[in-house]
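Coordinate-derived values only; no laboratory data. Model, not experiment: these values are computed from the prediction. Cβ atoms come from the backbone with ideal geometry, glycine included; neighbour counts cover every protein chain shown.
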Amino acid sequence: MKWYWAALAVALMTSFAVAGCNDYGNTFQNNTGAGLAFLSPAQMSAGSGDFTLTVNGQGFVLKTVVQWNGKPLATTVPVDSTGAALGNIVTATVPAALVAKPGVATIITVNPATGAGQNGLSNPLAFTINPPPNPLPGLTSISPASAAAGSASFTLMLNGSGFLPSTDPSGGSQVNWSVSGGAQRKLTVLSGATSSQIQATVTSDLLVNAGSTNLTASVTVFNPPSAAPAGCTTACTGGGGGGSSAPATFTICPSSGCPPGTAASTSAAALVAEETPALSLDGRYVAYTAVQNDHAQIFLRDTCEGAATACQSHTTLLSVAADGSAANDDSRMPSMSADGRYVAFSSAATNLVVENAPPGRQIYLLDTCAGAGDSCKPSTHLISIDANGALVGTESILPSVSALGRFVAFLAVTPSQSPNPPTAQLKASASGTNSGYRQVFIRDTCIGATNCVPKTTRISLQPSDGTGMASKPAGPALSSNAKRVAMVGANAAILFTRSVAVDDRVFLAITDEQR
């Protein structure tokens, strides 16, 4: 024990030597209370619960009170068998509210004043409240996943979870690149990163392959540990956490080009090439279909047209699951609200929503939070549902969104029961098996409405079991206020209240004049 008391005496002498003066009774005086040596614990992660703080030193008395940034804490003074204060230790209960946010707190103790010149204050010690540990990133996909040697620099899109923006105090997530076990290079990360998506620049000097076979590059995302809070001078280790994701593989093909099957298939690219992009009213946002890792996906491009000068154009993958992973099957046919915030699309993926989606292609509506502020969190909702079971066994395609994003019209196709199977070309088309019943529905999502219950309304039915129209189905077009729907259907059985003939096979439906 002698070494402990010797060390404590040295610590106390040092504390007294550096202790500052206090303003007490309008005069500066030396601290005359207890002498603090160290705290246990001396740091804590933000968001922790209530805990007991132990203050070690000397000179504590029965009525010593521990203060946290000047606020008295519930203090316990240990006593000996005679009831006298031990003098070298006190404990205090720290409420969780005091460690809710990162920062540095000042700990002092106050002994009862003993007269003139005796202020009862101890020397101060710092308590560090670290940020929570940074998450371990998860990398699920990259796009593109291959390029030929000698290609120009390009933007690599990385999808996953647990990513940190560049504004994070730790510096944000880093993207690392290494070829066949060689030296690791750090890629330049573009601004605008989210927790599920990062974009980084792959420069042309990284795309080197002098051989005749493919080379493999390893791409990882690294999160540094959380940084110590500002103003920290002692116990500044930070909150820890972070680490590297599992690697994704990028293929560097010979300069002659990538062998078949390396890049996205030509057939998939040809399918999406025919699709029309969706545009916001002011022209700033563009939603479109593109191929990533052999699947058609929905992307949103913020062009920053008409935005503040600080805006930087960027592209976001929209067809993603809640964990940030890309849709596991084709997503097509985007439609956008006037402000670009809401995007509807058709997808055969099974991982876009938590609830079990019906089999086949369904309509989803994504709130991108564009222009909605940082408090908004992107979310995806299944649209092609009906409490009465009208959509059971159908596949839903070709959505059309109203200006405010509240109403979504779409085409639901009941696959044909004909013994003649569809051709391979039809299976690959935008419609798939589409020679059966075709119905147009409108989904009221109640977005922006009060005292509203979401519902799905069928407005038309076109019975058909032939193949004459199978290859190119036509979807509905919804007006900005959702009061009118234009649709194609020469032999349609009309269920809406009133319609206007536009051409031989084109009708304008009056859906609800009170809406």
Under the Karplus relation with 6.51, -1.76 and 1.60 and θ = phi - 60°, whole-Hz ³J(HN,Hα) for region 198-209, x at Gly and Pro, equal 9, 10, 9, 8, 9, 7, 4, 5, 7, 9, 10, 8
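Within region 139-240, which chymotrypsin sites (Phe, Trp or Tyr not before Pro) sit in a loop by DSSP and count at most 15 neighbouring Cβ atoms inside 10 Å?
Values: sites: PHE154, PHE163, TRP177, PHE222; in loops: PHE163.
Filter output for region 139-240: empty list.
Over all pairs of distinct alpha carbons, what does the Kirkwood formula give as the hydrodynamic radius of region 264-377, in Å? Numbers along the way, then the final one.
Values: mean 1/r = 0.0685 Å⁻¹.
It is 14.6 Å.
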Using the Cα atoms of region 277-335, I'd like the radius of gyration and the largest Cα-Cα distance, Dmax, both in angstrom. 12.6, 37
Based only on Cα atoms, what mean projected area does the convex hull of region 138-253 have, in nm²? 7.8 nm²
Region 355-394 - Rg and Dmax from Cα coordinates, angstrom: 13.4, 39
With the 8 Å Cα cutoff and a minimum separation of six or more residues, region 130-209 has a relative contact order in percent of 34 percent
Per principal axis, largest first, the Cα atoms of region 321-365 extend in Å by 29, 21, 17
Taking the alpha-carbon centroid of each part, what is the distance from region 343-396 to region 175-189 in angstrom? 37 Å
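What does the C-alpha gyration tensor say about the overall shape of region 87-190? Classify as rounded when a/c is under 1.5, otherwise prolate if a/b is larger than b/c, or oblate.
On the way: a/c = 4.71, a/b = 3.94, b/c = 1.20.
It comes out prolate by the Cα gyration axes.
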